[in-house]
1. Go through the range 195-211 residue by residue and turn each phi into a ³J(HN,Hα) via Karplus (6.51, -1.76, 1.60, θ = phi - 60°); whole Hz please, and just put x for glycine and proline.
2. Kindly write out, for the range 97-103 in residue order, the coupling ³J(HN,Hα) from the Karplus curve 6.51 cos²θ - 1.76 cosθ + 1.60 (θ = phi - 60°), rounded to whole Hz, with x marking Gly and Pro.
3. Please say if the chain is rounded, prolate or oblate, where rounded means a/c under 1.5 for a ≥ b ≥ c the square roots of the C-alpha gyration tensor eigenvalues, and otherwise the choice is prolate for a/b larger than b/c and oblate otherwise?
4. Would you kindly derive the ³J(HN,Hα) couplings of the range 158-163 from the backbone phi angles with the Karplus curve 6.51 cos²θ - 1.76 cosθ + 1.60 (θ = phi - 60°), listing them in order in whole Hz, with x for Gly and Pro?
5. Under 18 Å from a label point 7 Å along Cα→Cβ of Ala145: give me every residue in the range 66-110 with its amide N that close.
6. Could you give the accessible area per residue of the chain, probe 1.4 Å, as a whole number in Å²?
7. Using a probe of 1.4 angstrom, how much of the accessible area of the range 56-168 is carbon and sulfur, in percent?
8. Would you report the distance distribution of C-alpha pairs in the range 75-168 as whole percents per 10 angstrom bin, up to the bin with the largest distance?
Amino acid sequence: MGERFYGVQALRFAAATAVVVTHAVDLAGTRLGLETVLAGGTLENFGAVGVDVFFVISGFIIATTTQGQTGVGAGGAFLWRRFRRVAPIYWLLSLPILIGMARGGTLSADVAAATFLFWPFSGLEMTFPALGPGWTLCFEMLFYAGFGLAIAGGRRVGWGLVGAYAAMLAAGLVVAAPVLRFWGAPIIVEFLLGVGIAWVWRSAPRRLGLWAVGLAMLGFGLGLVFGYGGIDDVRALNDPWNGLRRAAVWGLPSALLVFGVVRMERTDRAPGRLSRAAAFMGDASYSIYLVHVLVIRALGRMFESGMVALPGDGVVVVTVVASLAAGAVVHVWIERPLLKVMTPSPAGRGLERPRA
């Protein structure tokens, strides 16, 4: 499958930018005590929805690019490809924070497990990795592990894993246990919504795409008008019932948005300059997502030192622009070279496909 979904690439970039904006507003308001236009209302933390969009896209891309791949060799090759795509750059960018935590005596076994083993629930409350956004990678890797097993074992194993997840999700609503908080987390539903989109988008009438985008905007808009409670922070991860609300209030509109964009896109047309730019920034979105935390730390120290004085909205703009630029640089000069060094496994070279 050689299709390249430029609309999805643009969504990836938009999702990463939304997360950066939310954290930039937090830097200006919480850390620096400055007023910003976005602070104080539902828009302040709305950018956190970028994570939900990412999860749906991930499910869609993985299911789309692995169609027809079965067997133990294919499953192993898939897991290696996802590991080399996610882990090395993440661990590398985590090093400055890990070193700082080790020197300050704050690096705990729980944080190390969340960072290196992608296990965020040593207790009933989430332990964030050293690099904060890495919490989402814990769920990404969990989804990849399950999907890899489904590829290796076939359709029956895949449906068995879905059933096991549903059972753990239901059990986690009434039983408090770390393994259920992680393996049965409601937010995993968003990956499965993406998988579902991969199954149905080709057969759906193209006009449904516009309706889906419209319904997605309506869903997001209702949340902005009436509020979305505590689904924008760690409460949605520590409380399964709140997690279900997030999957409904943000996950479903995110799925409608992804479906709509995919269904409306014409993958048989040559891309224009704007589409190619979106594709590049979409490719760089992972680096942007990871490195923006380091940019915010550095800029926070600079603004606190008084070296540069800006109003709150100026801080937000500078932070967002610097984060996007840093992410693009890291993508070109670090992420891509790392991927070239960590070549696909011999068993998976024949299975490697263009990334959507």
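1. With the stated coefficients, the range 195-211 comes to 4, x, 4, 4, 6, 10, 5, 5, 8, 7, x, 4, 5, 5, x, 5, 5 Hz.
2. 6, 4, 5, x, 5, 5, 5
3. rounded
4. Those phi angles translate into x, 5, x, 5, 4, x Hz.
5. Residues 75-88, 91, 110 qualify, since their backbone N sits under 18 Å from the label point.
6. Details: 16070 Å² over 356 residues.
About 45 Å² of surface per residue is accessible.
7. Here carbon and sulfur together make up 68 percent of the probe-accessible area.
8. So the P(r) values, bin by bin, are 16, 39, 30, 13, 2.
The values are calculated or read from the model by the stated rules, or taken from the named source; none is laboratory data. Since the model is a prediction, treat every value here as computed from it, not as a measurement. In this analysis, Cβ positions are derived from the backbone assuming ideal geometry, glycine residues included, and neighbour counts consider all displayed protein chains. These accessible areas exclude ligands, DNA and RNA; they are computed on the full protein's heavy atoms, side chains included. Shrake-Rupley method; radii C 1.70, N 1.55, O 1.52, S 1.80 Å.
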